[in-house]
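S.K.: Submitted below is the structure of interest, expressed as structure tokens.
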Amino acid sequence: MNDVIMIGAGPAGISAAISCAQKGLEVLVLDEYLEAGGRLLGQLYEEPNGSWWNGISESDKLHRQAMNLGVQFELNTPVNNIEKLGDHWIIYTENKTLSTNHLLLATGAAESPVPVPGWTLPGVMSVGAAQVMTNVHRVKPGERGVIIGVNVLSSAIAMELKLAGVDIACMALPKMNAITNQQAHPKKVLDSLLHVSHMAPSQFVKMGSKLMKNDFMKKLGVSFYPKNGVTMWDIPIQLRKAVVNIYGNKQVEGVTLANIDTNGDLVAGSEENVATDFVCIAGGLYPLTELAAVADCPFYLIEELGGYVPLHNEKMETPLNGLFVAGNITGIEGAKVAIAQGTTAGLSIAQHAGVDGLEDEIKESIQVVEETRDNAYIQFHPKVKKGRKKVQDRWGNYVGTVSD
Amino acid sequence: MTENMIICRCEEVTYKALVETANQYNCSARELKLRTRAGMGYCGGRTCRHMVDKMAADLTITKQTDITLKYQPPIRPISFGHLGADES
């Protein structure tokens, strides 16, 4: 039996493993992927100070630091179930069953699909899959692609694909249906992009965001949105065009684009075909919470955090004894926040395991999480702090009802 | 085109089947799943779960504290041999 098991070898899981190991605990980290690093592996972007954040080298640094502290890793090991038996958490993997007193769920996030007619053709992939192919496996997803869905994640990955020499014909919205809804509405998409406009090198977008301070101006922004789109890193971003169909015989050969009005409704007769050999669908990220759900952890739906999140407090404890969470399972944020949360979770676990005198260190680490959040370059949701506050309030209510 | 679009690949459930069922029975995400089998295939609903949720969400009041579609182990596909394997 291990003192601690972390499920997920991403930034949160590894940093938690490091802080536990530094306090003398024996730690095992499990991950279903064949390399350590999680979603961090795919990241590559230029920071405001001009240096580059390279996910592969950041992952490597974390992984090596953990190994040097004696942390064990078992990769290629999907966990298919967990359950509580007495004081122990039992972890079921394909080849063996493990047990521990302290379990951290750092399972990260998954991507929401964007259903557009033809989306089941070979050659259609999530934008995150294109990122992994390009940055991790160094395989081009194709020569020329179209990205359906304009959001923070897809914009960042479009730039990475461009750096890798993959041509992006355009980014456009999906056709409106009962599922795509908000992502197909030009004004709502523009609203969601305004808070990340500082990332855009294009002067048009930068100036535009200053002009579009109020709703009226935003509407104007969409109404007068240039017919040929705005280019960012030479990629046309079309907020007034939607992909109505992905076509091809046995695999992707192209997409049909049509003009849309400010509400996302199609303009009849405006269809045009664009030849491509791959298509990325980008529906955004949601917390990957399956294991917390099978463990019967209470949940709350918090839109600002990307979906249902397991109830937890600032020390990353859940209401279930010995079960902790860190990283994107608690809400969609960047890797730096995940690393900071991992440190807090690791210290909390060490405290539970009987290491004394950690209270101040835990408080400081919670402070670091907040500072990291305030200084984050990319925020996936503009009101993430409000979402975090909601979880804390829920925790207060929950603990109140249980002890009453 | 949109009507024939597949939403649940494992059980080959179309967009049209889900929209019509949701309208006809004014049902919850769980009922929509059980009536159409969307999300009940090999992958355990890993891809279509949120789409099924969204198609029912307009008809029901989303409960903030309840996950609409239950998660059940195994949460990753696993062979029967491994599932019931004797460890000795």
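The values are calculated or read from the model by the stated rules, or taken from the named source; none is laboratory data. Predicted model, so just to flag it, every value in this text is computed and none were measured. Don't worry about glycine lacking a Cβ; one is built from the backbone with ideal geometry, like all the others, and counts go over all protein chains shown. Surface areas here come from the heavy atoms of the whole protein model, side chains and all, with no ligands, DNA or RNA. Shrake-Rupley method; radii C 1.70, N 1.55, O 1.52, S 1.80 Å.
S.K.: Springs between alpha-carbon pairs under 10 angstrom, Gaussian network model over chain A: which of A:Lys383, A:Lys315, A:Lys175 fluctuates most?
M.R.: Judging by the Gaussian network model, the answer is A:Lys383.
S.K.: How far apart, in nanometres, would the label points at A:Leu121 and A:Glu271 be if each is projected 7 angstrom from Cα along the Cα-to-Cβ direction?
M.R.: Each label point lies 7 Å from its Cα, and together they span 1.3 nm.
S.K.: With both partners inside the protein assembly as shown, how many of the DSSP beta bridges are antiparallel, as a percent to the nearest 5?
M.R.: 55
S.K.: Give the calculated FRET efficiency between A:His88 and A:Glu46 to the nearest 0.05, with a Förster radius of 45 Å applied to their Cβ-Cβ distance.
M.R.: Efficiency computed from Cβ-Cβ geometry: 0.45.
S.K.: Another question about this same structure. Taking a 1.4 Å probe, which of B:Cys27, B:Cys10, B:Cys43 shows the most accessible area, and what order do the others take after it?
M.R.: B:Cys10, B:Cys43, B:Cys27
S.K.: Pairs of alpha-carbon atoms within less than 8 angstrom and 6+ residues apart define the contacts here; what relative contact order does chain A have, in percent?
M.R.: 19
S.K.: Same structure again: Could you pull the accessible area for A:Lys84 with a 1.4 Å probe, rounded to 10 Å²?
M.R.: A:Lys84 exposes around 80 Å² with every protein chain in place.
S.K.: Longest exposed-loop-site-free stretch of chain A, with chymotrypsin sites (Phe, Trp or Tyr not before Pro), DSSP loop and at most 16 other Cβ within 10 Å?
M.R.: A:1-223
S.K.: Here is a follow-up. Using only helices, what value at 222 nm comes out for chain A when you add -39,500 (n - 2.57) per DSSP H run of length 4 or more and divide by the total residues, to the nearest 500 deg cm²/dmol?
M.R.: -10000 deg cm²/dmol
S.K.: Looking at chain B, which longest stretch skips every one of the trypsin sites (Lys or Arg not before Pro) that is in a DSSP loop with at most 13 other Cβ atoms within 10 Å, leaving the sites themselves out?
M.R.: B:1-62
S.K.: Using a loss threshold of 20 Å², tell me which positions in segment B:37-53 are less accessible in the complex than in their chain alone. Probe radius 1.4 Å, ligands and nucleic acids ignored.
M.R.: The answer is B:Arg46, B:Thr47, B:His50, B:Met51 - residues whose exposure falls by at least 20 Å² when every protein chain is included.
S.K.: Are there any residues in segment A:55-96 with a reduction of at least 50 Å² in accessible surface when going from the isolated chain to the assembly of protein chains? Probe 1.4 Å, please list them by number.
M.R.: SASA drop of 50 Å² or more in segment A:55-96: A:Asn80, A:Glu94.
S.K.: For A:Glu26 and A:Asn321, compute 0.36 nm times the residue count separating them, minus their Cα-Cα distance, and round to one decimal in nm.
M.R.: 104.3 nm
S.K.: Once the Cα atoms of segment A:79-202 are picked out, what are the Rg and Dmax in Å?
M.R.: Final numbers for Rg and Dmax: 19.4, 58 Å.
S.K.: Let me ask you something else. Which residues, if any, in segment A:107-137 have at least 30 Å² less accessible area in the whole protein complex than in the isolated chain, probe 1.4 Å?
M.R.: Flagged in segment A:107-137: A:Pro113, A:Pro117, A:Trp119, A:Thr120.
S.K.: Taking only Cα atoms and a 10 Å spring cutoff, compute GNM fluctuations for chain A and point out the largest among A:Asp360, A:Asp234, A:Asp191.
M.R.: Maximum among the listed residues: A:Asp360.
S.K.: If you don't mind, another one. Taking 7 Å along the Cα-to-C-beta vector as the label spot, tell me the B:Arg37-A:Gln392 distance in nanometres, rounded to one decimal.
M.R.: That separation, rounded to one decimal, is 4.9 nm.
S.K.: Stretch A:Thr231-A:Asn249 to full length: gain in nm at 0.36 nm per residue minus the Cα-Cα span?
M.R.: 3.4 nm
S.K.: Further, regarding this structure: Over chain B, what is the mean sequence separation of C-alpha contacts under 8 Å (at least six apart), divided by residue count, expressed as relative contact order in percent?
M.R.: Normalised by residue count, the contact order of chain B is 25 percent.
S.K.: Please compute the alpha carbon radius of gyration of chain A, then divide it by the globular-protein estimate 2.2 N^0.38 Å. Two decimals is fine.
M.R.: Its radius of gyration relative to the 2.2 N^0.38 Å reference: 1.03.
S.K.: May I ask you to compute the full-extension gain from A:Leu163 to A:Lys61, defined as 0.36 nm times their residue separation minus their alpha-carbon distance, rounded to one decimal in nm?
M.R.: Full extension from A:Leu163 to A:Lys61 adds 34.4 nm.
S.K.: Round to the nearest 0.05 the FRET efficiency obtained for A:Glu303 and A:Glu143 when R0 = 41 Å and r is the Cβ-Cβ distance.
M.R.: Using R0 = 41 Å, I get an efficiency of 0.65.
S.K.: Same structure again: Going from most exposed to least, what order do A:Met6, A:Met125 have by accessible area with a 1.4 Å probe?
M.R.: From most exposed to least exposed: A:Met125, A:Met6.
S.K.: Let's test the formula: R0 of 56 Å, r as the Cβ-Cβ distance of B:Arg9 and A:Glu359. What FRET efficiency results, to the nearest 0.05?
M.R.: 0.65
S.K.: Okay, moving on. Return the Rg/Rh ratio of segment B:2-69 with Cα-based radii and a Kirkwood Rh.
M.R.: With Rh from the inverse mean 1/r over Cα pairs, Rg/Rh is 0.94.
S.K.: Hey, another quick one. With +1 assigned to the C-beta of every Lys and Arg and -1 to the C-beta of every Asp and Glu, and no other charges, what is the dipole magnitude of chain A about the Cα centre in debye, to the nearest 20?
M.R.: It works out to roughly 1440 debye.
S.K.: Also, I was wondering about something else. Using the heavy atoms of the protein chains and a 1.4 angstrom probe, tell me the accessible area per residue for segment B:2-69 in square angstrom.
M.R.: 55
S.K.: How much accessible surface area, in Å² rounded to 10, belongs to the heavy atoms of A:Arg388 with a 1.4 Å probe?
M.R.: Approximately 20 Å² for this residue.
S.K.: While we're looking at this one, here's another question. Using a Gaussian network model of chain A whose springs link C-alpha atoms within less than 10 Å, name the residue from A:Gly354, A:Gly334, A:Gly229 with the highest mean-square fluctuation.
M.R.: For chain A, modelled as a Gaussian network with Cα springs under 10 Å, the answer is A:Gly354.
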